[in-house]
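Chemist: Following this message is one structure expressed as structure tokens.
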Amino acid sequence: MVTLNETVAPAEETRPGRRPALRRDGRYASVFLAPSLGGLALFTLFPTAMALGISLFDWPVFGSRSFLGFGNYSHLLHDPVFRRVVLNTVLFVVLYVPLNVVVSLGLAVWLGPQIKGRQVFRVLFFIPVMTPMVANVMVWRLLFQPGGLIDGGLQSWFGIDAPNFLGSSNWAMPAIVAMSIWQGFGYNFLVFSAAIDQVPQSQLESAQIDGAGPLQRFRYITWPMITPSMFFATTMTLITSFQVFAQPFILTQGGPGVATQTIVMYVYNQGWQFLTMGLASAAGWVLFVIIMGITAIQFFGQKRWVNYDV
């Protein structure tokens, strides 16, 4: 008969032998993680900390530097140009994010699993995402400019001139938003399309037999199952939209005036045109805090509408 001491003793004998193996595995893991952690520290953490330090100084590229404390942040708070730039960025986010999500989700629902040849549409819709941003913006600039395709088409067909999309403070931001939606909706379309593919067709067919219409099936079956993908897409789209730069920089150069200048453009201008690195770093940190705050609100609020148990 096996006693309790006999059963416990072998287990106790193996424990000391397992500790060196765990330490060895930990060392191997550290070796494999070292390149990634080193890159994170060198290219993300260190520049972020340096930017915070520089933001506390009057830091010209050439000349002496002096400590200002929070003087750069005070300057930003009282700068009417920076306040307008923040409002421009918020306006772009408010217009771009909902339209991007609605367009991509609508197309993903329309091109559901029952549609034949949907892979072709997936490729076509994703091409603008893979195309370099500068090339996309230059094509749209040719469309929007006076005498371009839109203006020429309206003159030929209706005998009227198109608005000066890039030179009007009323049309410049909508033009940038339209171009950005065309360029970026393909990514969210693939995210939503993959999520919809995971919805069990048996549940949708059962609901249809019970008399549920398309809207009811989407609301009570499809929507709860794709909310994690919706949360991911909206979070990533919000983060990238606050960092918009190439579209207004190439299309309008932030004009007319500062009507389409964004926070990232302001950082660029202060840092590389006016060579005031301290003010540029302070503006960059303001943007960082805004993005982190909105992202935190999203993560805290996801419990109210994101379903991970369905």
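Chemist: Return only the number of the condition from (1) open to solvent by 50 Å² or more (accessible area, probe 1.4 Å); (2) in contact with a Ser or Thr (Cβ under 8 Å, 6 or more places away or on another chain); (3) assigned to a loop (DSSP other than H, G, I, E, B) that ALA259 does not satisfy.
Modeler: Condition (1) is where ALA259 drops out.
Chemist: Could I ask something else about it? Only one of these is assigned to a loop (DSSP other than H, G, I, E, B) and touching a residue at least 12 places away in the same chain (Cβ under 8 Å): ALA175, ALA162, ALA207. Name it.
Modeler: Unique residue meeting the criteria: ALA162.
Chemist: Has segment 272-290 got at least one residue that is part of a loop (DSSP other than H, G, I, E, B) and open to solvent by 50 Å² or more (accessible area, probe 1.4 Å)?
Modeler: Within segment 272-290, one or more residues are part of a loop (DSSP other than H, G, I, E, B) and open to solvent by 50 Å² or more (accessible area, probe 1.4 Å).
Chemist: Here's another thing I want to ask about it. Can you name every residue in segment 222-245 that is among the aliphatic types (A, V, I, L, M) and either touching a Leu at 6+ places or on another chain (Cβ under 6 Å) or under 20 Å from VAL103 (Cβ atoms) (or both)?
Modeler: Listed by number, the residues that qualify are ILE226, MET230, ALA233, MET236, LEU238, ILE239, VAL244.
Chemist: Tell me which residues, restricted to segment 96-126, are farther than 21 Å from THR234 by Cα and either open to solvent by 40 Å² or more (accessible area, probe 1.4 Å) or not charged (D, E, K, R) (or both).
Modeler: Residues satisfying the conditions are PRO113, GLN114, ILE115, LYS116, GLY117, GLN119, VAL120, PHE121, VAL123, LEU124.
Chemist: Same structure again: Kindly evaluate GLY147 against the criterion of being outside any helix (DSSP H, G or I) and touching a residue at least 12 places away in the same chain (Cβ under 8 Å).
Modeler: no
Chemist: Would you pick out the residues in segment 45-72 that are among the hydroxyl-bearing types (Ser, Thr, Tyr) and under 18 Å from TYR268 (Cα atoms)?
Modeler: Matches in segment 45-72: THR48, SER55.
Chemist: Now a separate question. How many residues are touching a residue at least 40 places away in the same chain (Cβ under 8 Å), under 13 Å from PHE185 (Cβ atoms) and small (Gly, Ala, Ser) if we restrict to segment 105-143?
Modeler: Looking only at that region, the number is 1.
The values are calculated or read from the model by the stated rules, or taken from the named source; none is laboratory data. Since the model is a prediction, treat every value here as computed from it, not as a measurement. Every residue, glycine as well, gets a Cβ built from its backbone with ideal geometry; the counts of neighbours run over all protein chains shown. Side chains are part of the model used for accessible areas, which takes the heavy atoms of the whole protein and leaves out ligands, DNA and RNA. Shrake-Rupley method; radii C 1.70, N 1.55, O 1.52, S 1.80 Å.
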